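The values are calculated or read from the model by the stated rules, or taken from the named source; none is laboratory data. Predicted, not measured: the structure shown is a model, and the values here were computed from it. So basically every Cβ, Gly included, is an ideal-geometry build from the backbone, and we count neighbours across all protein chains shown. Only protein heavy atoms, including side chains, enter the accessible area calculation; ligands, DNA and RNA are left aside. Shrake-Rupley method; radii C 1.70, N 1.55, O 1.52, S 1.80 Å.
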Amino acid sequence: MERAAVKREKLSAAALAGDEDHLGALPDDILIEILLILGTRASARTSVLSRRWRRLWCLLPAFEFGPEAGSHIIRAALAAHEATSLRRLSVFPEDSGPGPMAEWLPVAARRLSGDLLLFNLRPDLEGNEEIREGGIGDEFLDLPCFATAISLTLNLGFLTLAVPPSGVFARLTDLVLRDVRFCCPCELSDAISSPRFPSLKKLTVEDAHGLSNFTIHSDSLIKIVLKKVKGLRLLDVVAPSLRVLIVFSCFADVSVGSQFVANISAPKLDSLQWINAFDPSTVRFGKMENLRWLGTSYFYVYGQGDLMNNNNPLRLLQHFQFDAIPTLSLALAYLPVIIDHEYLMEDMTVLPDIVFLNLTVLANGHCIGPSLFHVLRMCTSVRKLKLVLHIPDEQQAAWQLEANWAVVLKEMTINFYHSISESTANDLCKKLLSFSRPEIRMKFYLGYGEPAAKREKPYSAAAAIAGGEDRLSALPDDILIQILLRVVTVDAARTSVLSRRWRRLWCLLPEFEFGPKAGGHIIRAALAPHEYLSLLQLVVNAEDSSPGPMAEWLPVAARRLSGDLFLSNFRSEDNDEDLGFVELPCFGSATSLSLDLDFLALTKPASGVFTRLTDLYLCNVRFHGPCWLGDAVSSPRSPSLKKLTIQKCQGLSNFIIHSESLLQLDLDDLRVLRCLNVVAPALKMLNVFSCFDGEPTANISAPTLEILVWTDTFDPSSVQFSKMENLKQLDITYFDVFGQQADSMDNHNCLRLLQRFQFDAIPSLSLMLFYPSDLTNHEYLMEDMTVLPDIVYLNLSVAPYGHVIGPSLFHVLRMCTGVRRLKLVLDISGHLELAAAKRRRRNLAAGGGEDRLSALPDDILIQILLRVVTVDAARTSVLSRRWRRLWCLLPELCFPHTASAASIRAALAAAADESASLRGLVVLSMGAGPGPIAEWLPVAARRLSGHLLLFNRQPERDSEEEEEEDDEDFLDLPCFGSAISLSIDLGFLALAVPPSAGVFARLTDLALRNVRFCGPCELGDAISSPWFPSLKKLNINKAQGLSNFVIQSESLLEMELKSLKGLQQLSVETPALKRLIVHSCFGEASARRPVSMISAPMMEILQWADAFDPSFVRFGKMENLQQLATSHFCVFGQEDSTHNQDCLRLLQHFQFDAFPSLFLTLAYQPDIMDHEYLMEDMTVLPDIVFLRLAVLANGHCIGPSLFHVLRMCTSVRRLKLVLDVSYELEEVAVCGSDCFCDLPPNWISEEFVLNFLQEMKISQLRGTEHEMAFVKRLLSWAASLKEMTIKFYHSITESTAKELCKQLLSISRPEIRMKFYFYRGVHKVLYVPED
């Protein structure tokens, strides 16, 4: 005890220098503010100073505990807490289990009235999937009920969490759960539904396990974020108020388990980010008429044709293709190596109708021009484009193209990559300006969004003074402050680094201005020093600010400000998320307050006097209790208030003000005001505009009022004015000249107000007459106006909308013949647009009024109908005669299989002018014959100017029925003169192209599937250049009846022919053709030799997987050929194998040609006992650089065949080996002991060297004995190999993959860079072996 006393005496003497303890004498609230700055741990230590400090730290409203604080310490601190409420609790334990947390969580649940942040630090989680999936032990953490908490953020490090089956989280608005495993007895979805979480606005679940079914019904939720919820199978969301939904990587493993199901019902949703698996048959979205933002997963520009990741964004885009969504966020990704991949952008054919495109590109050094061009040409109506490039160097060519395409571009902003140096940025700016146009405003930013033009090097006093004396710093403070006032606040603050003289000088400025980048702590730090000095003006322009940051500096500003405050908060996203409220402190010395909070909640202080406040402006504010606004602005608390403006505010249902000083009161768009009581003896001007909801009550006592503007509801029984003997000007609401007498609420208000003042002598009257655009079914209402006040000056405004104004003006003027001055304003429709819109909404809400929606022009109504599905749009035809045929003018139509041919024809033909263009037509039919399709197809041909998708699904029939099909019944293809794309799948109906069909002038893509051709005209003659002058892509798949196909086209770039049964002659003359695929078209070649002539000098890719005989199949010169693919070659079989002969002849034809790439496939039969080894027949290969070799092994030894191929192409530089390409075989086939597939054995003993091979990839490696033996030999042959990539088969487990990696590393050489990939679910994962 004595030592403690001595210690306190020494501490007190050292701190106070022998003087009295003035610090301890301060009141509790000030000392608590000091302790909050020190932190919880340091604050607790002050308890040893004296009895005064012993329990003071227990009054802190916020606690924070680090890893060193044990659970017993946290519990003891919470139990000792004596404040009325705990606003914030932050706990950062390390490797904590459920038991220690359970010690203090129940105590926290009882005390907490604000935010909880719990973050369990787990260093062992990185890469440890066993802990992530299995958790830690069998214990679980029981979450108690936080009845008064507002926000819970729990990161448990994959501890198991149980949500209690009872208790109501009454005030909780935000719930964040990360790294959590869920367990019973209570399902999470049951717990967080509305009855138990009635105020929940925002829910985030991230990196969670054990949540297989997630069904939530909530009336309050505004935002849901689900990320990496592993094992999720059922997602059912019913949230009427939901605005934002983000689902990211939750259904990642659907390919290895049961199919997932998702059902989303969120009618008010305006932002959807679905980066996940998507299948419209299992994922169902309800109506989303307010959807404004759509985000998809990455789309791979290059890859395999059946890439699952691409199917998800394509299906999502197709789902929303007919919706008008303002903003689309799309991401394109390039793989690092794309040599053996296909270009996949052509699969993306539709985009929604958008205005703003946010396009992100992960380029990996590749050219981005083709992919961006493909996307942008599908959305030519976009008005705003944001392009984010994740590439090392921006390519000049891409920017050049963009500048050329954007012919009406007005402004272009470029943010350089953060690692770009300033000198490099200057060079790039010059290049970009060189091919920009003068009318484009160019902005360049360097670094993290800082304008390059405003970047300044640190100020150097020595350089500025040039070695002389610092005379500037010697000036007195008042002069230096006047100098600093000439620069902006940020630049003034930077002078603090010059010297000690300047360090605090800028804090003495009487005026401050802060921009969006200044956080709340920065503003507070600037205001806090020298609080005894008055501040004449403070301007704060915030962006996306919440109440918390504002609360940091507002109290300090209230103490310092003696002049004007301008606070403006701009929120980039419109949402109703409850962020808490801003508590406005008492500005005792301020003269003017202007607050625009963008609908943040505001509460007035319960006490304090705004002594000098004269002007108060409140805009975009939501009022929050416990204090009425009227009490705060009345005379006792605002004795000097002269002007009060409240505009576009919410939550103000009752407004009662008694003010002796108020001169002007403006109330504008308060929406829900029901009671207005004004007692203001000095009031001169009152303006009330669109404030009242329902039947209001108003009492105005302003005996000195001179100007009254009342543009709102008026009923003398509920709205009462006292005597206004000084009234000089009266402005009233709009009066409709024509309309429905019973439903014109605005006219009733106007007439009642005129009657109220009919016997008063008012010098000036302002009156507005309004004409509707369509007078049909309307009555003349001017006769209802029978009295006007005794006036001298009349201000008469008219919105005629082209109608005759004489009768209405005559009616008004003959009632005021004593007027001396007249002002007539004509055609004020633009000025009245906003007010008229508000008036229409009010009338419609009341259930009456004129049908002004039908009065809108066709183009606007069509845009409205495009927001709903075609079936619902058609239902509007029963509304009235005006709507009967309107839906038929839609530019995009989609008909399901339930729609009859007659209804489709009626819909297409119903337009007043059938030449009206149709951008998109989708028809899905079931078992339709040629007759029903022929009913509507000619009408569609005349109207279509975009894309046609016709899919006719037929019941399955055997081949005999198909051959016996009667050819007399066929479908005549009409001429689509303006269409761009036709995709027709007829289910093997007969199709005829007549010789005089016409010219398909704009058609670029034609796809015909499951078609039987017939008729007098050959298809080749029909689609040649004269009839199809713009055709670029032709696809014919599974067709019959096409024996001769002769085509001559100047425009064709790609042609794909697959399974054309009975084809005997193929003649192609296409000078521009780049790609040709012929697969299984000459199936009966053994009976009659096919004849084929291919003339395509620009050919780059040739895939010929069909019969080939150089005496019957002739290719012209192909000097640009880059890639050749053949049909598969059987390693074992009969010596006279026709299939092998076709492959060998094709290789012999190109044996002397040098082209970069060859695709070759080797196939083994399951049983080869009675077969011969045929590889010796393959004696030549072309001169190639890249070889893609695929092997269907069926369990046999692959060494002899691969050895045979590789020793014929020793100059190859890149090799890709795909093993076991049959994905249907899950079990590895094993050949018998008597199998001779390993013969001949020369591949084991004979040596040769692949001197040029530097890069090798092996895919689908299972690690069988045969495969590993060949890989070992392959490494011995590849003497110059630098890089080897191995991708294991998708069913190989992680442990097996790691064992195989060890074996492969043991037979590899140190100089070879080895990369290993295995599959975890559907995701390919890079495995890095341990050293």
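Put simply, of Arg637, Arg674 the only residue that is open to solvent by less than 40 Å² (accessible area, probe 1.4 Å) and among the charged types (D, E, K, R) is Arg637. Against the condition hydroxyl-bearing (Ser, Thr, Tyr) and assigned to a loop (DSSP other than H, G, I, E, B), how does Ser638 come out, does it pass? So Ser638 passes the test.
In the set Leu1102, Leu1121, Leu1146, only one residue is in a strand (DSSP E or B) and buried (at least 17 other Cβ atoms within 10 Å of the Cβ); that residue is Leu1102.
Yes/no matrix, rows are residues, columns are (1) touching a strand residue (DSSP E or B) at 6+ places or on another chain (Cβ under 9 Å); (2) outside any helix (DSSP H, G or I):
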{"site": "Gln863", "(1), (2)": "yes, no"}
{"site": "Val868", "(1), (2)": "no, yes"}
{"site": "Arg882", "(1), (2)": "no, no"}
{"site": "Cys894", "(1), (2)": "yes, yes"}
{"site": "Ala899", "(1), (2)": "yes, yes"}
{"site": "Ile904", "(1), (2)": "yes, no"}
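Selection of the stretch 743-755 for residues being open to solvent by 10 Å² or more (accessible area, probe 1.4 Å), of a type in the set (A, V, I, L, M, F, W, C) and more than 28 Å from Asp858 (Cα to Cα) yields only Leu751. For the stretch 427-450, the set of residues classified as free of Cβ contacts under 8 Å to residues at least 24 places away in the same chain and either open to solvent by 80 Å² or more (accessible area, probe 1.4 Å) or at positive phi (or both) consists of Asp427, Lys430, Leu433, Ser434, Pro438, listed by residue number. Of all the numbered requirements in (1) within 23 Å of Gln863 (Cβ to Cβ); (2) modelled with pLDDT of 85 or more; (3) of a type in the set (Gly, Ala, Ser), Ala911 misses one, and that requirement is (2). Counting only strands (runs of 3 or more DSSP E) that sit wholly inside the stretch 708-776, those with at least 2 residues that are within 12 Å of Pro789 (Cβ to Cβ) are 729-736, 764-770.
I'm trying to understand the selection: among the residues of the stretch 708-725, which are closer than 13 Å to Ala680 by Cβ and either crowded, with 17+ Cβ neighbours inside 10 Å or touching an Asp or Glu at 6+ places or on another chain (Cβ under 6 Å) (or both)?
Going residue by residue through the stretch 708-725, those that are closer than 13 Å to Ala680 by Cβ are 708, 721-722, 724.
Leu708, Phe721, Met724, listed by residue number.
Take the stretch 756-783 and flag every residue that is touching a residue at least 60 places away in the same chain (Cβ under 8 Å) and open to solvent by 60 Å² or more (accessible area, probe 1.4 Å). Talk me through it step by step, then tell me what you get.
Here is the first cut: in the stretch 756-783, the residues touching a residue at least 60 places away in the same chain (Cβ under 8 Å) are 768, 770, 772-774, 778.
The answer is Ser773, Asp774.
Of all the criteria given as (1) β-branched (Val, Ile, Thr); (2) at pLDDT below 75; (3) touching a strand residue (DSSP E or B) at 6+ places or on another chain (Cβ under 9 Å), the one not satisfied by Ile74 is (2).
Restricted to the stretch 1282-1307, and to residues there that are in contact with a strand residue (DSSP E or B) (Cβ under 6 Å, 6 or more places away or on another chain) and over 30 Å from Asn276 (Cβ atoms), the residue that is surrounded by the fewest Cβ atoms within 10 Å (Cβ to Cβ) is Glu1283.
For the stretch 274-283, which positions are farther than 10 Å from Phe251 by Cβ and surrounded by 13 or more Cβ atoms within 10 Å (Cβ to Cβ)? Once the filter is applied, which keeps residues that are farther than 10 Å from Phe251 by Cβ and surrounded by 13 or more Cβ atoms within 10 Å (Cβ to Cβ), the stretch 274-283 yields Trp274, Ile275. So if I check each of Phe1159, Phe1152, which one is touching a residue at least 24 places away in the same chain (Cβ under 8 Å) and either polar (S, T, N, Q) or over 30 Å from Gly1020 (Cα atoms) (or both)? It is Phe1152. Is it the case that some residue within the stretch 833-844 is modelled with pLDDT of 85 or more and either open to solvent by less than 60 Å² (accessible area, probe 1.4 Å) or not in a loop (DSSP other than H, G, I, E, B) (or both)? The answer is no, given that none of the residues of the stretch 833-844 is modelled with pLDDT of 85 or more and either open to solvent by less than 60 Å² (accessible area, probe 1.4 Å) or not in a loop (DSSP other than H, G, I, E, B) (or both).
Yes or no, residue by residue, for (1) at pLDDT 75 or above; (2) open to solvent by less than 70 Å² (accessible area, probe 1.4 Å); (3) closer than 29 Å to Gly519 by Cα; (4) not in a strand (DSSP E or B):
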{"residue": "Glu394", "(1), (2), (3), (4)": "no, yes, no, yes"}
{"residue": "Val408", "(1), (2), (3), (4)": "no, no, no, yes"}
{"residue": "Ile414", "(1), (2), (3), (4)": "yes, yes, yes, no"}
{"residue": "Asp470", "(1), (2), (3), (4)": "no, yes, no, yes"}
{"residue": "Ile481", "(1), (2), (3), (4)": "yes, yes, yes, yes"}
{"residue": "Ala492", "(1), (2), (3), (4)": "yes, yes, yes, yes"}
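Output the residue which, of all residues in the stretch 66-106 that are acidic (Asp, Glu) and under 16 Å from Leu156 (Cα atoms), is surrounded by the most Cβ atoms within 10 Å (Cβ to Cβ).
Glu103
Looking at His1266, His1290 in this structure, which one is assigned to a helix (DSSP H, G or I) and out of contact with any Lys or Arg (no Cβ under 7 Å at 6 or more places or on another chain)? Every option except His1266 fails the conditions.
Might you check whether a residue that is over 17 Å from Arg560 (Cβ atoms), open to solvent by 30 Å² or more (accessible area, probe 1.4 Å) and hydroxyl-bearing (Ser, Thr, Tyr) occurs anywhere in the stretch 494-510? Yes, the stretch 494-510 contains at least one residue that is over 17 Å from Arg560 (Cβ atoms), open to solvent by 30 Å² or more (accessible area, probe 1.4 Å) and hydroxyl-bearing (Ser, Thr, Tyr). Counting only residues that are outside any loop (DSSP other than H, G, I, E, B) and surrounded by fewer than 21 Cβ atoms within 10 Å (Cβ to Cβ), the stretch 1106-1118 holds 1 of them.
Scanning the stretch 1034-1046 for residues that are crowded, with 17+ Cβ neighbours inside 10 Å and at pLDDT 90 or above turns up Leu1034, Ile1036.
Can you find a residue that is open to solvent by less than 30 Å² (accessible area, probe 1.4 Å) and hydroxyl-bearing (Ser, Thr, Tyr) anywhere in the stretch 1087-1094? Yes, the stretch 1087-1094 has at least one match.
Return the residue satisfying two criteria in turn: it lies in the stretch 1187-1214 and is open to solvent by less than 10 Å² (accessible area, probe 1.4 Å) and in a strand (DSSP E or B), and of such residues it is farthest from Asn1140 (Cα to Cα). Among them, the one singled out is Leu1187.
Restricting attention to the stretch 651-664, the residues being buried (at least 16 other Cβ atoms within 10 Å of the Cβ), over 19 Å from Trp710 (Cβ atoms) and within 49 Å of the chain's Cα centre (by Cα) number 1.
Being at pLDDT 85 or above and open to solvent by 60 Å² or more (accessible area, probe 1.4 Å), is that true of even one residue in the stretch 1010-1028? Don't jump to the end; show me each part of the working.
Looking only at the stretch 1010-1028, we keep the residues that are at pLDDT 85 or above, and these are 1010-1012, 1028.
In the following step, the residues that additionally are open to solvent by 60 Å² or more (accessible area, probe 1.4 Å) were identified as none.
No.
Which ones in the stretch 683-704 are touching a Ser or Thr at 6+ places or on another chain (Cβ under 9 Å) and open to solvent by less than 30 Å² (accessible area, probe 1.4 Å)?
Of all residues in the stretch 683-704, those touching a Ser or Thr at 6+ places or on another chain (Cβ under 9 Å) come to 683-684, 687-703.
If the condition is that a residue be touching a Ser or Thr at 6+ places or on another chain (Cβ under 9 Å) and open to solvent by less than 30 Å² (accessible area, probe 1.4 Å), then Leu683, Val688, Ser690, Cys691, Phe692, Pro696, Ala698, Ile700, Ala702 are the ones that fit.
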